[in-house]
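The values are calculated or read from the model by the stated rules, or taken from the named source; none is laboratory data. Source: prediction; values computed, not measured. Using ideal geometry, Cβ is built from the backbone for each residue, glycine included, and neighbour counts are taken over all protein chains shown.
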Amino acid sequence: MSSEVYDCIVIGAGIQGSCTAYHLAKNQKKTLLLEQFVLPHSRGSSHGQTRIIRKSYPEDFYIHMMTETYQLWAQMEKEAGVQLFRRTGLLVLGPENGDYKKIKANLQQHKVPIVLLEKEEFNKHIPNMNLTPGDGALVDTTAGLLYADRALRSAQRLFQSYGGVIKDGQKVTDINPGSVVTVATASGTYRGRSVVITAGPWANTLLANVGLELPLQVVKINVCYWGEKVPGSYHISRRFPCFVQVESKESKHHIYGFPSNEYPGLMKVCYHAGSETNPDFRDKQTDKTDIDIISRYIARCFPALEPIPAVVETCLYTNTPDTHFVLDRHPTHSNIIIGAGFSGHGFKFGPLIGKILYELSMGQAPSYDLSPFRIARFQHRQKSAL
Ligand SMILES: Cc1cc2nc3c(=O)[nH]c(=O)nc-3n(C[C@H](O)[C@H](O)[C@H](O)COP(=O)(O)OP(=O)(O)OC[C@H]3O[C@@H](n4cnc5c(N)ncnc54)[C@H](O)[C@@H]3O)c2cc1C
Ligand SMILES: O=C(O)[C@@H]1CCCCN1
């Protein structure tokens, strides 16, 4: 074992761990970032070209957090000298009385600039798309997309430029709590005054080492790309926005997509649900119900797309029962910090999550009210003996 003691060891180099490490090193903390796979990799939740960034949430606390998050992304863009955010607007659609109504009211209450689209003028703004009768439609004009792979690389590169150390290809196999925490991998043992666990779909595997089990469900998401019948019909350069259909005839779960940009002639449209999986054996899943749901939605609402996917990739969600994140200290070891359960919507918050986990790991008061994110909310479900 090396005699070196880090201020913090971050386990897991997805967007949350990489952003946490970035804040730590930027604040002169001696930090080690450990990753089980050789970087970059596509087996967790943070790979792929794009993610939606938006204030369109029904909950106040997420809108509130997004104000600073946009600033932190802009700051990271500046430091990295790389474009990470592209404003496309986000088209939000759904039956007037459901979640759509809550999102609209929340955006209006928080004075987020939006444009309400009446059905008569819908196609003037959004060509090649059919608005479902009875659905409301609005555009959150501040929203857009994040270049995800680039953002992840930028956080890791900045972390290293501030003196941080990344050791990839090193799976953590044991964690021994104490005032100095010992973390073991097959290649070495490391010591840190604090540890942040941001292990994505593997969170519970790691937490078992510190006597904790959270009610997390790992879900495989099919990331589907659909061919444009006329290439360019939904292209980003034609100002087609990102969209979220919050509920639809086909499903109560979101269907969401991005303007075509990543692969020429293809538009990414996905379903916000999938089948439960084991992150180490996920390719055994063959359920295609989700793809059928998107197909039917596309046939009905996107007349200029082929309703059969041209490319299907995979990505994992780690869901909590209420879909809110876990941002907390370990209940008995206060220098072990947990960031988990990002439930398919955590990427956009990366730099703010990183700041919050940094604050917790340094024993500081967090800048936000973390009550929606506490482990204690699962008390009745927890299987741990704590
Ligand atoms: C298809 C899809 C679409 C999404 N769309 C959006 C969106 O539009 N907007 C949005 O905001 N969010 C979105 N999300 C959610 C977002 O991408 C995730 O919330 C986020 O990437 C989670 O990051 P993470 O760091 O927690 O997990 P991960 O990226 O999985 O990182 C965890 C890391 O820990 C490592 N690790 C695990 N165990 C160990 C160990 N024992 N030792 C060392 N390392 C370990 C893993 O290898 C992994 O690299 C989407 C997710 C998916 C899958
Ligand atoms: O976090 C987001 O913004 C998207 C919305 C749709 C579902 C997937 N995640």
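Determine, yes or no, whether V38 is of a type in the set (V, I, T), surrounded by 19 or more Cβ atoms within 10 Å (Cβ to Cβ), within 16 Å of ligand 1 (Cβ to nearest atom) and over 15 Å from the mean Cα position of the chain (by Cα).
no
Confirm whether F85 is within 20 Å of the chain's Cα centre (by Cα) and surrounded by 19 or more Cβ atoms within 10 Å (Cβ to Cβ).
Taking the combined requirement at face value, the residue does not satisfy it.
V244 fails exactly one of the following numbered conditions: (1) out of contact with any His (no Cβ under 6 Å at 6 or more places or on another chain); (2) within 14 Å of ligand 1 (Cβ to nearest atom). What is the number of that condition?
Every listed condition holds for V244 apart from (1).
Of (1) more than 19 Å from the chain's Cα centre (by Cα); (2) touching a residue at least 12 places away in the same chain (Cβ under 8 Å), D292 satisfies all except one. Which?
The one condition D292 does not meet is (2).
Looking for something more than 11 Å from ligand 1 (Cβ to nearest atom) and either surrounded by fewer than 18 Cβ atoms within 10 Å (Cβ to Cβ) or among the basic types (K, R) (or both) - is there at least one such residue anywhere in the range 340-356?
yes
If N204 satisfies all but one of (1) crowded, with 22+ Cβ neighbours inside 10 Å; (2) within 20 Å of the chain's Cα centre (by Cα); (3) outside the structural domain of I293 (by TED's automatic domain parsing), what's the number of the condition it fails?
For N204, the exception is condition (1).
Under the condition of being small (G, A, S) and touching a helix residue (DSSP H, G or I) at 6+ places or on another chain (Cβ under 6 Å), which residue from the range 13-34 is farthest from S187 (Cα to Cα)?
Here the answer is A25.
Show the residue pairs that are 6+ apart or on different chains and have beta-carbon atoms under 7 Å apart, the first residue being within the range 102-123 and assigned by TED's automatic domain parsing to the domain that holds S233, the second being of a type in the set (K, R).
Correct list of pairs: L107/K55; V112/K55.
Could you identify the single residue in L206, L214 that is part of a loop (DSSP other than H, G, I, E, B) and either within 30 Å of G98 (Cα to Cα) or within 16 Å of ligand 1 (Cβ to nearest atom) (or both)?
Exactly one of L206, L214 is part of a loop (DSSP other than H, G, I, E, B) and either within 30 Å of G98 (Cα to Cα) or within 16 Å of ligand 1 (Cβ to nearest atom) (or both), namely L214.
Just the residues that are surrounded by fewer than 16 Cβ atoms within 10 Å (Cβ to Cβ) and either away from ligand 1 (no atom under 15 Å from the Cβ) or of a type in the set (F, W, Y) (or both), please, taken from the range 41-67.
D60, F61, H64, T67, listed by residue number.
So which of A105, A151 is within 26 Å of G346 (Cα to Cα) and surrounded by 16 or more Cβ atoms within 10 Å (Cβ to Cβ)?
Matching residue, one of A105, A151: A151.
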